[in-house]
Amino acid sequence: MSYQHQYVDGTRIHFPVGKVVCIGRNYAEHAKELDNPVPTEPLLFIKPGSCVVALEDDGFTIPTERGSVHYEAEIAVLIGKPLSTRPSREEVLDAISGFAPALDLTLRDKQAELKAKGLPWEIAKSFDGAAVLAPFVVGSTFADLADIGIRLTINGEVRQDGNSRDMLNPIVPMIQYMAGCFSLQAGDVILTGTPVGVGPLNVGDELVLELPGVSSFNSSVR
Ligand code: ZN
């Protein structure tokens, strides 16, 4: 079945599946673990809507024949209204339709090869299935966007346990910056960066992906 945005209660969200705007190295500890410098301005990249799949109970597939596939657990923000040219803080807050835990999947060997040559990352970041989105909770769920947790447990072991308070670019200024670079539209998704602890996925891995205390999903790698 093709992907459609939805809320945790199963309600379908009737926005098109737009682009997925991502930020790299948004947590200092994660930048360090991959030996990357902490950027002086936000490092953005885009995954097309064709990447997006739902985080289902019965699992998702990874392209095992293309080298190491890394998980990056991230807080996803669903955009519900158009934003462009430096929107105000209030406009950004008003445009947020939901939050979900997500996986930004990355062909890490391929990305390393592209990075070393100074080439764009799309081949490593934009394959079909490279953005795995859980259902959203409504945008008003969090009173404080600087205190949203994100946790990934694999085979019973917590691998990533982050919080938006540690973001180098907090959610609202990040979205203001993104909207100044290119228009955001209803149905676009923001992936807000991954905390420390990334690593490879393997077929058979059992995952629990959560916004702790708010939403929690079980899945596996098929
Ligand atoms: Zn990422």
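Quick note: the coordinates plus some simple rules give every number you see, no bench work behind them. For clarity, every value in this text was computed on a predicted model and none was experimentally measured. As a convention, Cβ positions derive from the backbone with ideal geometry for all residues, glycine included, and neighbour counts pool all protein chains shown.
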Check: Given 0.36 nm per residue, what is the gain on full extension from R222 to V203 after removing their alpha carbon distance, in nm?
Finding: 6.3 nm
Item checked: Three-way shape label, the range 25-103, alpha-carbon gyration tensor, a/c 1.5 -> oblate
Next item on the list: Find the relative contact order for the chain and round it to a whole percent, using C-alpha pairs within less than 8 Å whose residues are 6+ positions apart.
Entry: 32
Margin query: Quick check: residue separation of D166 and D144 times 0.36 nm, minus the Cα distance between them. What number comes out in nm?
Written below: 6.6 nm
Check: Residue by residue through the range 168-185, which ³J(HN,Hα) values in whole Hz follow from phi under the Karplus form 6.51 cos²θ - 1.76 cosθ + 1.60 (θ = phi - 60°), with glycine and proline marked x?
Finding: 5, 10, x, 4, 5, x, 4, 5, 4, 5, 4, 5, x, 8, 7, 4, 9, 10
Notebook entry, point to check: Is the chain rounded, prolate or oblate when judged by the Cα gyration tensor, a ≥ b ≥ c being the square roots of its eigenvalues, rounded requiring a/c under 1.5 and prolate requiring a/b larger than b/c?
Noted result: rounded
Checklist line | Proximal lysines to K115, defined as alpha-carbon separation beneath 18 angstrom and excluding residues fewer than eight positions away on the same chain | finding: K32, K47, K125
Item checked: Rounded, prolate or oblate (a/c below 1.5 giving rounded, otherwise prolate when a/b exceeds b/c) for the range 168-208 by Cα gyration tensor -> prolate
Notebook entry, point to check: Calculated from DSSP H runs of 4 or more alone, at -39500 (n - 2.57) each and per residue, what is the 222 nm mean residue ellipticity of the chain, nearest 500?
Noted result: -4500 deg cm²/dmol
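Can you compute the FRET efficiency between L93 and S183 using 1/(1 + (r/R0)^6), with r the Cβ-Cβ distance and R0 = 22 Å? Round to the nearest 0.05. Show your work: numbers first, answer last.
Working: r = 18 Å, r/R0 = 0.81.
Once rounded, the FRET efficiency stands at 0.80.
Going by C-beta contacts inside 10 Å, put K125, K81 in order with the fewest on the left.
Ranked by crowding around the Cβ, least crowded first: K81, K125.
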Check: PRE reach from Q4 (point 7 Å along Cα→Cβ): which of the range 81-120 fall under 19 Å by backbone N?
Finding: 81, 97-99
Notebook entry, point to check: Among the aspartates and glutamates, which fall within straight-line cross-link reach of K117, defined as a Cα-Cα distance under 17 Å, with same-chain neighbours fewer than 8 residues apart omitted?
Noted result: D35, D109
Next item on the list: Provide the packing ranking of 7-19, 68-80, 207-219, i.e. peptides ordered by the mean count of other C-beta atoms within 10 Å per residue, highest first.
Entry: 68-80, 207-219, 7-19
Check: What's the extension gain from H14 to A116 if we count 0.36 nm per residue and subtract their Cα-Cα distance?
Finding: 32.7 nm
Margin query: Net charge within 12 Å of Q185 by Cβ-Cβ distance, Lys/Arg positive one each and Asp/Glu negative one each, not counting Q185 itself?
Written below: +1
